């Protein structure tokens, strides 16, 4: 099976399809998107909908914490806690765990214990399988028909992508299924045999996924209660709920809302619509255009002003011998786009003015 054919057939095609007869992206109405989502989480229709149902159930199960925080435990101190946890803690963890480790294998842990700890550093939300497999397709088909969260499909196309576009196909051949398992083997998630896959329609074991969710939530609620009572626990779970509900919007904004919004001297990859945004970059290490340029790099903050907290965590674990190896493309980026003047040819603002202020600093520093 060719790589292109494998990627083309990997995800569960929505009822409206990826593209029309002319090869153009199908853009469903909002009602059609919601109808598709309801169909995909309906476990009474087929048990193969279980992983979409569980993801939806996790979101719904957080609503009581949100209600209690707003109407019983609300305080401005806890509001600050919610904002920091949702925008920074959850964001950085998502970049470290789901993005750089699970999907791109940009670093390796020296022992499974450090992997398990990193996996559970925050309240569990997105099942790894839903994120990882579809993200490989996203990189292969960025902003093209078949991209599971193509921003040109519109805001709700991206917001409902977890249910409508990110599941693996339930009809993979055994060869294709074994190939798909390689995306997940390093994560520690218990995977189905092919016979189990034909029953459940997923890579991940339902028992493992549900037990991991229950254990994680129980641990974090008890710990947070012991630290700050029900108020703190409800606040932190509210923060996780807000991140879980709103992170889907990044699939839309991180690619310019489907429009070309590249900025000279900032966004060097023009092969897709991805852009480097200040807030996700500084708060979560998600310098998205840089990431598309070097998806396998454990660091995405390549320029002096691009703080990368996810990289700080990974590199700190490396110094502590908890991470045994990593890939870092900063030196290659600087050599290709800054030091050799390629940026000047590509973008007007990356010329003499930029180099005059940063070149000495860049060349003097060792690549960390």
Task: Out of 227, 275, sole residue that is assigned to a loop (DSSP other than H, G, I, E, B), without any contact (Cβ under 8 Å) to a residue 60 or more places away in the chain and either touching a helix residue (DSSP H, G or I) at 6+ places or on another chain (Cβ under 7 Å) or in the same structural domain as residue 163 (by TED's automatic domain parsing) (or both) - done: 275
Task: Residue among 176, 180 that is crowded, with 19+ Cβ neighbours inside 10 Å, touching a helix residue (DSSP H, G or I) at 6+ places or on another chain (Cβ under 9 Å) and outside any loop (DSSP other than H, G, I, E, B) - done: 180
Open item on the list: If a residue must be at pLDDT 95 or above and assigned to a loop (DSSP other than H, G, I, E, B), how many such residues does the stretch 306-346 contain?
Closed with: 9
TODO: Read through the list (1) touching a helix residue (DSSP H, G or I) at 6+ places or on another chain (Cβ under 8 Å); (2) in contact (Cβ under 8 Å) with a residue 24 or more places away in the chain; (3) surrounded by fewer than 15 Cβ atoms within 10 Å (Cβ to Cβ), then give the number of the only condition that residue 219 fails.
DONE: (1)
Open item on the list: What's the total number of residues in the stretch 272-293 that are surrounded by fewer than 21 Cβ atoms within 10 Å (Cβ to Cβ) and more than 22 Å from residue 155 (Cα to Cα)?
Closed with: 2
TODO: Within the stretch 108-132, count every residue that is farther than 20 Å from residue 289 by Cα and either touching a helix residue (DSSP H, G or I) at 6+ places or on another chain (Cβ under 7 Å) or not assigned by TED's automatic domain parsing to the domain that holds residue 251 (or both).
DONE: 15
Task: Only listed residue being touching a residue at least 60 places away in the same chain (Cβ under 8 Å), within 30 Å of residue 261 (Cα to Cα) and in a loop (DSSP other than H, G, I, E, B), chosen from 152, 166 - done: 166
Open item on the list: The conditions are (1) touching a residue at least 60 places away in the same chain (Cβ under 8 Å); (2) crowded, with 19+ Cβ neighbours inside 10 Å; (3) closer than 23 Å to residue 100 by Cβ, and residue 269 fails exactly one of them. Which is it?
Closed with: (1)
Open item on the list: Please go through the stretch 296-305 and give me each residue that is modelled with pLDDT under 95 and either crowded, with 24+ Cβ neighbours inside 10 Å or over 19 Å from residue 261 (Cβ atoms) (or both), ordered by number.
Closed with: 304
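The values are calculated or read from the model by the stated rules, or taken from the named source; none is laboratory data. None of the values given here were measured: they were computed from a predicted structure. Note: ideal-geometry Cβ built from the backbone for every residue, glycine included; neighbour counts use all protein chains shown.
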